[in-house]
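Peer 1: Sharing a structure, written as structure tokens. Questions coming.
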Amino acid sequence: MRQGDMMFAARRDHGDVFGFKSLVDDQPIVVTCHPHHVKSLFTADPAIAPSTAGDSPLRPIVGDSSVLTAVGERHRRQRKLLMPSFHGAAIERYRGQIAAVSDRAISAWTAGSTFRMASAAQWITLDVIMSGIFGIAVPPEPGTPEERLRSVVRWLLRGSSSRLAKPAELLNIGRDEPVGPQRIALERLDRAVYPLIQDRRRDTGRGNRNDVLSLLLDAQTDDGETLTDLELRNELLTLVLAGHETTANSIAWACERLLRTPAVYDRLRASVRAGEDDYLEATIHEAMRARPVVPMTGRQVQVPWQLGDYVAPAGTRVRVSILLVHHREDLYPDPFAFRPERFLGVKPSAHTWLPFGGGIRRCLGAALAMEEMRIVLRDIVRRTDLRAPDVAPERPLHRNVTMIPARGGRVTVEATHP
């Protein structure tokens with residue numbers, strides 16, 4: 001049974017709170033989808049309800065010290081160092097980069113072509129994140145460390161959708177260090193990342209740069225410590241992996257939903273081409289509600305935790321099913337319908353709209369991801385007419401911690417516009 005189907009079946013049979021045993025260590029895991037429970041977990045002191053991010057299947061790839069997998073004081077430190085690069089003035093700087101990359105990519109689309117929107121969007125979001133994280137010009141100068149890194153990351157992305165990807169993922173479950181194909185791939189990546197870090201350390205003019213790598217090289221903790229090469233590598237890799245693929249698949253899901261809901265697609269085209277943004281914003285919120293790319297998050301409670309009529313014992317890993325929260329009839333009437341109107345003039349609640357998680361673990365790059373969604377989806381809708389080559393909706397495919405379109409969000413371009 002698919003993961004999403006299993007979640008819906010469990011809620012139907014057992015209600016808002018249910019449990020199962022972990023496939024990794026056979027320990028009990030409790031799942032909840034009640035907004036009151038979500039709020040209690042997300043607003044709790046992290047000392048009594050720390051994140052379960054250390055269990056992430058990405059841990060063998062990015063280590064246990066990155067902002068994604070760290071917990072406690074280390075997570076607070078890493079987040080504080082990174083926060084300025086993903087808010088306020090930083091988003092203003094990224095906006096022009098996003099628009100330029102989006103324009104170049106969409107200009108290459110031709111009428112009659114069919115492709116996976118997830119792959120097309122991936123190249124857009126990758127170039128945006130590579131520019132923002134490493135300060136890489138797009139395209140980078142041939143033969144430079146930046147060009148080598150971009151080439152390796154693109155190679156890794158192609159490999160992540162190959163037949164070897166799933167077995168490699170399963171082989172690394174529960175491990176601290178990667179083995180098999182993941183180890184080989186990461187060794188190749190490290191041969192590109194570490195020389196770039198060293199090259200930037202030697203750059204006496206990096207104080208004038210605004211990319212994340214340059215900022216992190218000069219950043220200090222409250223105790224005056226700087227990041228080691230390994231910490232930099234783990235942090236940068238986390239931002240690249242978590243910062244582009246999730247956004248690309250959110251764009252793909254938005255297109256997949258639009259092309260299966262013609263009335264919504266027609267209204268969005270008319271709105272965008274009239275220069276309006278309200279319906280675009282509502283469509284993005286609805287797409288991320290209906291198809292959250294990260295469908296689950298969690299905390300490990302250190303004290304007995306009340307979840308309705310059930311008390312989770314101390315030490316229990318409690319998962320929040322974002323997918324189930326987003327499909328509650330009492331929160332979102334007719335939840336399986338794609339209806340952006342539900343978000344018109346409505347600000348999503350922090351405990352019922354959860355595509356970026358919540359609390360102190362809310363996605364660091366949420367503001368950047370939303371800006372990418374606005375710019376890229378606006379460009380797609382304004383400059384192209386698309387149709388779905390397959391009438392049937394695409395089923396979700398679960399990969400690592402993400403839920404992506406099984407066929408990559410395939411689209412056919414019927415017409416392009418200047």
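Peer 1: Report, ordered by the first and then the second residue, all pairs with beta carbons closer than 6 Å, sequence separation of six or more or different chains, a first member in the range 260-275 that is under 16 Å from Ala287 (Cα atoms), and a second member that is among the β-branched types (Val, Ile, Thr) and crowded, with 16+ Cβ neighbours inside 10 Å.
Peer 2: Cβ pairs passing all conditions: Leu268/Thr283; Leu268/Val381; Arg269/Val381.
Peer 1: Go over the candidates Ala47, Ala89 one by one and state the one that is hydrophobic (A, V, I, L, M, F, W, C) and free of Cβ contacts under 8 Å to residues at least 12 places away in the same chain. Break it down into steps so the answer makes sense when it comes.
Peer 2: Numbers: Ala47 fails: free of Cβ contacts under 8 Å to residues at least 12 places away in the same chain.
Unique residue meeting the criteria: Ala89.
Peer 1: Is it the case that Thr69 is surrounded by fewer than 17 Cβ atoms within 10 Å (Cβ to Cβ), assigned to a loop (DSSP other than H, G, I, E, B) and among the polar types (S, T, N, Q)?
Peer 2: Values: surrounded by fewer than 17 Cβ atoms within 10 Å (Cβ to Cβ): no; assigned to a loop (DSSP other than H, G, I, E, B): yes; among the polar types (S, T, N, Q): yes.
Judged against the criteria, Thr69 is not a match.
Peer 1: Are any residues in the range 389-406 surrounded by fewer than 19 Cβ atoms within 10 Å (Cβ to Cβ), out of contact with any Ser or Thr (no Cβ under 7 Å at 6 or more places or on another chain) and outside any strand (DSSP E or B), and if so, which ones?
Peer 2: Matches in the range 389-406: Asp390, Val391, Ala392, Pro393, Arg395, Asn400, Ala406.
Peer 1: Got a number for residues in the range 296-325 being part of a loop (DSSP other than H, G, I, E, B) and on the phi < 0 side of the Ramachandran plot?
Peer 2: Here the count works out to 8.
Peer 1: Scanning the range 223-269 for residues that are among the polar types (S, T, N, Q) and within 22 Å of the chain's Cα centre (by Cα), which turns out surrounded by the fewest Cβ atoms within 10 Å (Cβ to Cβ)?
Peer 2: Within the range 223-269, the subset among the polar types (S, T, N, Q) is 226, 228, 234, 238, 246-247, 249-250, 261.
Right, trim to within 22 Å of the chain's Cα centre (by Cα) and you get 234, 238, 246-247, 249-250.
On the way: Asn234: 24, Thr238: 24, Thr246: 22, Thr247: 26, Asn249: 27, Ser250: 28.
Step by step, filter the range 223-269, then rank; the result is Thr246.
Peer 1: Picking from Val294, Val311, Val264, which residue would you name as being within 30 Å of Arg2 (Cα to Cα) and in contact with a Cys (Cβ under 9 Å, 6 or more places away or on another chain)?
Peer 2: On the way: Val311 fails: in contact with a Cys (Cβ under 9 Å, 6 or more places away or on another chain); Val264 fails: in contact with a Cys (Cβ under 9 Å, 6 or more places away or on another chain).
Going through Val294, Val311, Val264 in turn, just one is within 30 Å of Arg2 (Cα to Cα) and in contact with a Cys (Cβ under 9 Å, 6 or more places away or on another chain): Val294.
Peer 1: If you don't mind, another one. Would you pick out the residues in the range 365-374 that are crowded, with 22+ Cβ neighbours inside 10 Å and of a type in the set (A, V, I, L, M, F, W, C)?
Peer 2: Once the filter is applied, which keeps residues that are crowded, with 22+ Cβ neighbours inside 10 Å and of a type in the set (A, V, I, L, M, F, W, C), the range 365-374 yields Leu368, Ala369, Met373.
Peer 1: Can you go through Asp55, Asp26, Asp64 and tell me which one is on the phi > 0 side of the Ramachandran plot and at pLDDT below 80?
Peer 2: Numbers: Asp55 fails: on the phi > 0 side of the Ramachandran plot; Asp64 fails: on the phi > 0 side of the Ramachandran plot.
Only one candidate qualifies: Asp26.
Peer 1: Which condition from (1) surrounded by 16 or more Cβ atoms within 10 Å (Cβ to Cβ); (2) farther than 21 Å from Arg399 by Cα; (3) out of contact with any helix residue (DSSP H, G or I) (no Cβ under 8 Å at 6 or more places or on another chain) is the one that Glu281 breaks?
Peer 2: (3)
The values are calculated or read from the model by the stated rules, or taken from the named source; none is laboratory data. Note that the structure is predicted; figures quoted are calculated from it, not measured. Counting neighbours? That spans all protein chains shown, and the Cβs are built from the backbone with ideal geometry, glycine included.
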